[in-house]
Amino acid sequence: METLSNVVSEVPARFMPGRPDHARGRSTLDEASARRSLTICEIALGPEHPDVAAAAATLATVLEEERRYDEAEALYRRALAIFERTLGPDHYETAVTLGNLATVRQASGDLDDAAGMYERTLVIKERRLGADHPELAVTLNNLAMLYRAQGRRRAAAEAYRRALGILERVLGPQHPSVAACRASYARLAAAGPAARARA
């Protein structure tokens, strides 16, 4: 799946709150280390601590990279439930985990479920980070790709336009990530009416 993950490496650190997620680079931990970290957190902090959720999400990322989507989904759902209970449904960590879960649902073929999750992620991140934060561009790009796969060309085009506008304002119009976003939009426009358009 196309993403704008490379965007975040070009953005100053002050723009990047919270723990790493898919938008800011994947974990380099191996599965054994990730499982050990989760077990230690559970023993030391109890099953409902936010750090347990973070460890579960890290293990989920490792499993997702191995395309073990069912296992990854279960861990993301566990992490999401903990974050929602302990930090709240509109917390930044909740949004990050929800976006990662959306990626797994998309990879598993449930595009409608994934779209709803990305849309909720976008709302939370915009509320928490502001309308011009580069993480919104990442989520918007993911959402645009999903809309395109659903045949929702108008919705995909609007998401691309929003992502492009954010990147141009934050990184400048000549940045490579901006060019990549423009290229995605151009491919969508060139696809013509072959994919059935719906809102």
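The values are calculated or read from the model by the stated rules, or taken from the named source; none is laboratory data. Here the structure is a predicted model, which is why all the values come from computation and not from measurement. Note: ideal-geometry Cβ built from the backbone for every residue, glycine included; neighbour counts use all protein chains shown. For accessibility, only protein heavy atoms count, side chains too; no ligands or nucleic acids. Shrake-Rupley method; radii C 1.70, N 1.55, O 1.52, S 1.80 Å.
For R85 and E42, what does the FRET efficiency come to when R0 = 22 Å and r is the distance between their Cβ atoms, rounded to the nearest 0.05?
With a Förster radius of 22 Å, E is 0.90.
Using 0.36 nm per residue, how much length does the chain from R182 to R127 gain when fully extended, once their Cα-Cα distance is taken away?
Extra length from R182 to R127 when fully extended: 17.2 nm.
Working with all protein chains in place, sort R182, R85 by solvent-accessible area computed with a 1.4 Å probe, largest first.
R85, R182
Among E31, E135, what's the order by accessible area (1.4 angstrom probe), most exposed first?
If we order E31, E135 from most to least accessible, we get E31, E135.
If Rh is defined by the Kirkwood formula over all Cα pairs and Rg also comes from Cα, what ratio Rg/Rh do you get for the range 66-199?
Ratio of gyration radius to Kirkwood radius: 1.00.
With a 1.4 Å probe and every protein chain left in place, tell me how much accessible area S108 has, in Å² to the nearest 10.
The accessible area of S108 comes to roughly 60 Å².
Tell me, what ³J(HN,Hα) does each residue in the range 131-139 have, in order and in whole Hz, if you take phi through Karplus 6.51 cos²θ - 1.76 cosθ + 1.60 with θ = phi - 60° and put x for Gly and Pro?
Whole-Hz 3J(HN,Hα) from phi for the range 131-139: 6, 10, 6, x, 4, 5, 4, 4, 5.
Which length gain, in nm to one decimal place, applies between R68 and R35 when the Cα-Cα distance is subtracted from 0.36 nm times their residue separation?
Roughly 10.4 nm would be gained on extension.
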